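Before any comments, here is the structure.
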Amino acid sequence: MSMREMAGLTPCLDALREQGQITWSQHADGWNGRPEEILRALGTDGFQECKREMTTSRRDCHPVGGVWQGVNPHTKSVASVVWVVRSALQPAIVFLEIDGETMANPRREPDADEERG
């Protein structure tokens, strides 16, 4: 699967990255961040929600992840987001695709997971 850079495609997502609200995790091959912020940015970038599902733990019914899909009616692009909630001290890991292409980190930055030690 080809890796698509975020730059220019989704200005609000770009802003989250530039402000450090989402960071790339090379180890997880996804984004560290808060799913609601990412979904809000996609909405601002023109994507309208088509589907959202949450997954829960069988033990305590606590949310452990989710999936979201949206369509931009102007560009006909489809965005898909999958996230996994980690411990309360760590942000969720978020996987993002637009039109079937992974939205990957457009430049090499230190892995936030490795910086935490």
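Observations
- Region 87-106, subset small (G, A, S) and assigned to a strand (DSSP E or B), residue nearest to V64 (Cα to Cα): A92
- Pick from region 38-80, criterion among the acidic types (D, E) and without any contact (Cβ under 8 Å) to a residue 24 or more places away in the chain, ranking: farthest from F95 (Cα to Cα): D60
- Considering region 63-82, and only residues there that are under 15 Å from the mean Cα position of the chain (by Cα) and surrounded by fewer than 16 Cβ atoms within 10 Å (Cβ to Cβ), the residue that is nearest to Q26 (Cα to Cα) turns out to be V67.
- Residue in region 83-99 that is surrounded by 15 or more Cβ atoms within 10 Å (Cβ to Cβ), in contact with a Leu (Cβ under 7 Å, 6 or more places away or on another chain) and either of a type outside the set (S, T, Y) or without any contact (Cβ under 8 Å) to a residue 24 or more places away in the chain (or both) present: yes
- Strands (runs of 3 or more DSSP E) fully within region 13-64 that include at least 1 residues being under 13 Å from A79 (Cα atoms) and either at pLDDT 90 or above or acidic (D, E) (or both): 48-56.
The values are calculated or read from the model by the stated rules, or taken from the named source; none is laboratory data. Everything numeric in this text was worked out from a predicted model, so none of it was measured. Don't worry about glycine lacking a Cβ; one is built from the backbone with ideal geometry, like all the others, and counts go over all protein chains shown.
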